[in-house]
Amino acid sequence: MTPEFLARLQAAQAAKRPVALCTQLPGGAQLLAPDDAVPEGLAQAAAAAIEADKTALFEDWFIHPHNPPLRLLIVGAVHAAQAMLPMAAGLGFAITVIDPRRAFATAERLPGVTINHEWPDDAMAELAPDTRTAIVTLTHDPKIDDPALDAALRSPAFYIGALGSRRTHAKRLERLAEQGHGAEAMARIRAPIGLDIKAVTAAEIGLSIIAEIVATRRGAALASRG
């Protein structure tokens, strides 16, 4: 790999852009998909490798995807958030819990994760959610959840979910509409949050949310409620 090619790969990684390094075997020629002019079949294979987040072979090309890290931003240091932590960590998510209420967001209650005590709009501006980011709001407090959802809808996050009943969500949508969000944008919010598994306990709610995040990421039909 030439220094120039390495610099291009590092620039894509710094910009958090998913790319695939395609190396021809045994010649060693290299292309960066989708940035370079890549043959159609190889381009499709590279896109599939990026989507699956796995290396692949296409004819005499070895494809190595370079994706930004998976991230989960949880707004609200509540019991459901605590239940989600080990599941999300096991799935490879880097987790940040955002909650300005310092009495709730403590290292004792949330071991092993990053805690951000900023207000959600400031935290989201700092964290810059990308296409590999899932965002979950859990506080039931519009002063905290609404700024987070406003920022989430302005981002390319692949998953946005909000805890609350259908009635609560209807009022939430009215407030978000007043902030300039259209119906199509607001339809990105999964609410009521989580797969419909009749969850009751905090652990069950956490499981339903994590399952919906995975289903959304993988394009599974289970990601939608009836």
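Do you know which of the residues in the range 91-144 that are among the hydroxyl-bearing types (Ser, Thr, Tyr) and farther than 18 Å from Ile160 by Cα is farthest from the chain's Cα centre (by Cα)? If you could, list the steps in order and put the result at the bottom.
Residues of the range 91-144 that are among the hydroxyl-bearing types (Ser, Thr, Tyr), as a first pass: 96, 106, 114, 131, 133, 137, 139.
In the following step, the residues that additionally are farther than 18 Å from Ile160 by Cα were identified as 106, 114.
On the way: Thr106: 23, Thr114: 16 Å.
Ranking the qualifying residues of the range 91-144, first place goes to Thr106.
Spot the failing condition for Thr137; the list is (1) within 19 Å of Val214 (Cβ to Cβ); (2) touching an Asp or Glu at 6+ places or on another chain (Cβ under 6 Å); (3) modelled with pLDDT under 95, and only one is missed.
All conditions are met except number (3).
State which residue pairs qualify: first residue without any contact (Cβ under 8 Å) to a residue 24 or more places away in the chain and more than 11 Å from Ala151 (Cβ to Cβ) and inside the range 111-138, second residue open to solvent by 50 Å² or more (accessible area, probe 1.4 Å) and part of a loop (DSSP other than H, G, I, E, B) in any location, beta carbons under 6 Å apart, and separation of 6 or more residues or different chains.
His117/Arg102
With the requirement that a residue be without any contact (Cβ under 8 Å) to a residue 24 or more places away in the chain and open to solvent by 70 Å² or more (accessible area, probe 1.4 Å), what does the range 7-25 give you? Talk me through it step by step, then tell me what you get.
Of the range 7-25, the ones without any contact (Cβ under 8 Å) to a residue 24 or more places away in the chain are 7, 10-11, 14-15.
Within the range 7-25, Gln10, Ala14 qualify.
Among (1) over 27 Å from Arg218 (Cβ atoms); (2) among the hydroxyl-bearing types (Ser, Thr, Tyr); (3) under 27 Å from the mean Cα position of the chain (by Cα), which single condition is Thr2 missing?
The number of the failed condition is (3).
Go through the range 47-63 residue by residue and tally those that are polar (S, T, N, Q) and surrounded by 18 or more Cβ atoms within 10 Å (Cβ to Cβ). Walk me through it before giving the result.
As a first pass, look at the range 47-63 and keep what is polar (S, T, N, Q): 55.
After this cut, where a residue has to be surrounded by 18 or more Cβ atoms within 10 Å (Cβ to Cβ) as well, the list is none.
The qualifying residues number 0.
In the range 1-32, which residues are of a type outside the set (A, V, I, L, M), more than 20 Å from Arg71 (Cα to Cα) and modelled with pLDDT under 85?
So the first thing to find is which residues in the range 1-32 are of a type outside the set (A, V, I, L, M), and the list is 2-5, 8, 10, 13, 16-18, 22-24, 26-28, 30.
Keeping just the survivors that are more than 20 Å from Arg71 (Cα to Cα) gives 2-5, 8, 22-24, 26-28, 30.
Listed by number, the residues that qualify are Thr2, Pro26, Gly27.
If you go through the range 173-224 one residue at a time, how many are open to solvent by 30 Å² or more (accessible area, probe 1.4 Å), part of a loop (DSSP other than H, G, I, E, B) and either among the basic types (Lys, Arg) or under 23 Å from His79 (Cα atoms) (or both)?
The number of residues fulfilling the criteria is 7.
Which residues, taken from the range 34-46, are open to solvent by less than 70 Å² (accessible area, probe 1.4 Å) and without any contact (Cβ under 8 Å) to a residue 24 or more places away in the chain?
Asp36, Val38, Gly41, Leu42, Ala43, Ala45
For the range 103-123, check the following and say yes or no: at least one residue is among the polar types (S, T, N, Q) and touching an Asp or Glu at 6+ places or on another chain (Cβ under 7 Å).
We begin by selecting, within the range 103-123, every residue among the polar types (S, T, N, Q); these are 106, 114, 116.
Right, trim to touching an Asp or Glu at 6+ places or on another chain (Cβ under 7 Å) and you get none.
Scanning the range 103-123 turns up no residue that is among the polar types (S, T, N, Q) and touching an Asp or Glu at 6+ places or on another chain (Cβ under 7 Å).
The values are calculated or read from the model by the stated rules, or taken from the named source; none is laboratory data. Because the structure is predicted, anything quoted here is derived from the model rather than measured. Using ideal geometry, Cβ is built from the backbone for each residue, glycine included, and neighbour counts are taken over all protein chains shown. Surface accessibility is based on the protein's heavy atoms, side chains included, excluding ligands, DNA and RNA. Shrake-Rupley method; radii C 1.70, N 1.55, O 1.52, S 1.80 Å.
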